[in-house]
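The values are calculated or read from the model by the stated rules, or taken from the named source; none is laboratory data. On a predicted model such as this, the values are computed, not experimentally measured, just so you know. For neighbour counting, all protein chains shown are included, and Cβ atoms are generated from backbone atoms with ideal geometry for every residue, glycine included.
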């Protein structure tokens, strides 16, 4: 998306406030800002690629001040946490190759901007976690340059300075060429780089590296962040789960001594059995990749919708997810920056129901920016899943990342969907509201009440802190369905999700009637 912009002298935040005060949006019948959010780590997180979110200064690049300007919007959607993808100084557009862990990338703003973002988020009861890339740095990081120089001196038998001794083993080096290694520029030895040649990998056995990540953690906790998203944790000791779990346990213990309430979520593309073992580290959450897939064709949530619905697929998978994460908090999601967006350009009802199924899972949910309006995009190249946020306001929209090949928006913009009662956005808002107001949804332990595969019906109960709710699902896209609740002890509908906002489930003479793709919560 190329465009020229008139840079206004008034601030983005002030102008956004003025515009919002003059625009009347659909009233959902509740105010998310009035919700008494439980102060724990069962939250609804919103993942933001800062560079494509909001441009506050007219340079075509998203920035931290832009994110700050949309905190009211994020709160209004019912998100109670934000995950900022890497924001540190970097030579790449995605910023996973960090050149300086203590500096904000100049394209995104300043450290003062970051501090202000955290402060303003906390005023709205929105927690902030940052992407912490500790498997590798960027090849232009001064630490790598010093480490390579020191290692070369050691291999050549030269006398090492005190600084050399600290740096020589900071990264994973080898005198021979190994799989996943590349030759160090200007030297005759090799460095580990499983992801890319510009991402040299740290040596987690280095005592100096431990000192450095302590400094990084301290620095950002002191800035007020509420936790960390840990990138690529299975690569800390590639091929050695036991060592990875040990390293994560050490990381978790250190963070929790500084802030016992900090939230840590790890990325680990491994089988579910391995993920269960990783919870032994004490890390709060690991992303539930079984709820999504790298290609964007969906995990068990999307699989549950095929051929008029497979409720048994959803049931068995959600129970497995809770069992795997029983020592921590599940972290389900539908898509993210590493996979094709899940949304179907011709199936708006499917899109809504998929989010509803996500919202009814126990744990802490993660939603990628743009999912609330069903933005689409493939992962080849990955710039296509980092396209500009479609606000419907060219004055704040960013350019697409360089290398984007497709920029397609099959559904209306944020501004349009805000005014449409039946939009994906307002469905997401309602689903998050239910998670925030009915504590059992996110925190409860699930069990089966009824599975009627033939009629595409499912009912589960969730128990938490001595309280119980029932959640009823109609997986049929076209037909209403009935549940006899006379023997279940539930007497009222306390929340529901429907394809059309003002349509309602019915409860008459102990018969619950759900509309197509309807979800009802009873107590």
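Among the residues that make up the range 369-384, is at least one of them in contact with a strand residue (DSSP E or B) (Cβ under 6 Å, 6 or more places away or on another chain), in a loop (DSSP other than H, G, I, E, B) and either in contact (Cβ under 8 Å) with a residue 24 or more places away in the chain or surrounded by fewer than 24 Cβ atoms within 10 Å (Cβ to Cβ) (or both)? There is at least one residue in the range 369-384 that is in contact with a strand residue (DSSP E or B) (Cβ under 6 Å, 6 or more places away or on another chain), in a loop (DSSP other than H, G, I, E, B) and either in contact (Cβ under 8 Å) with a residue 24 or more places away in the chain or surrounded by fewer than 24 Cβ atoms within 10 Å (Cβ to Cβ) (or both). Within the range 413-429, at least one residue is within 30 Å of residue 327 (Cβ to Cβ) and within 19 Å of the chain's Cα centre (by Cα).
Look through the range 149-179, keep the residues that are out of contact with any helix residue (DSSP H, G or I) (no Cβ under 9 Å at 6 or more places or on another chain) and in contact (Cβ under 8 Å) with a residue 12 or more places away in the chain, and return whichever of them is nearest to residue 93 (Cα to Cα). Checked the range 149-179; the qualifying residue nearest to residue 93 (Cα to Cα) is 172.
Here is a yes/no grid of residues against (1) under 22 Å from residue 217 (Cβ atoms); (2) without any contact (Cβ under 8 Å) to a residue 12 or more places away in the chain; (3) assigned by TED's automatic domain parsing to the domain that holds residue 261:
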position	(1), (2), (3)
33	no, no, yes
36	no, yes, yes
41	yes, no, yes
48	yes, no, yes
69	no, no, yes
83	yes, no, yes
112	yes, yes, yes
125	no, no, yes
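Of all residues in the range 58-77, one or more are part of a loop (DSSP other than H, G, I, E, B), touching a helix residue (DSSP H, G or I) at 6+ places or on another chain (Cβ under 8 Å) and farther than 28 Å from residue 355 by Cα. Among 473, 483, which is in a strand (DSSP E or B), in contact (Cβ under 8 Å) with a residue 40 or more places away in the chain and at negative phi? Selected residue: 473, the only one of 473, 483 that is in a strand (DSSP E or B), in contact (Cβ under 8 Å) with a residue 40 or more places away in the chain and at negative phi. Report whether or not residue 107 is surrounded by fewer than 17 Cβ atoms within 10 Å (Cβ to Cβ), at pLDDT 95 or above and part of a loop (DSSP other than H, G, I, E, B). Taking the combined requirement at face value, the residue does not satisfy it.
Report yes if residue 147 is farther than 29 Å from residue 43 by Cα, outside the structural domain of residue 262 (by TED's automatic domain parsing), over 28 Å from the mean Cα position of the chain (by Cα) and buried (at least 21 other Cβ atoms within 10 Å of the Cβ), otherwise no.
yes
When residue 39 is tested against (1) part of a loop (DSSP other than H, G, I, E, B); (2) farther than 28 Å from residue 442 by Cβ, only condition (2) is not met.
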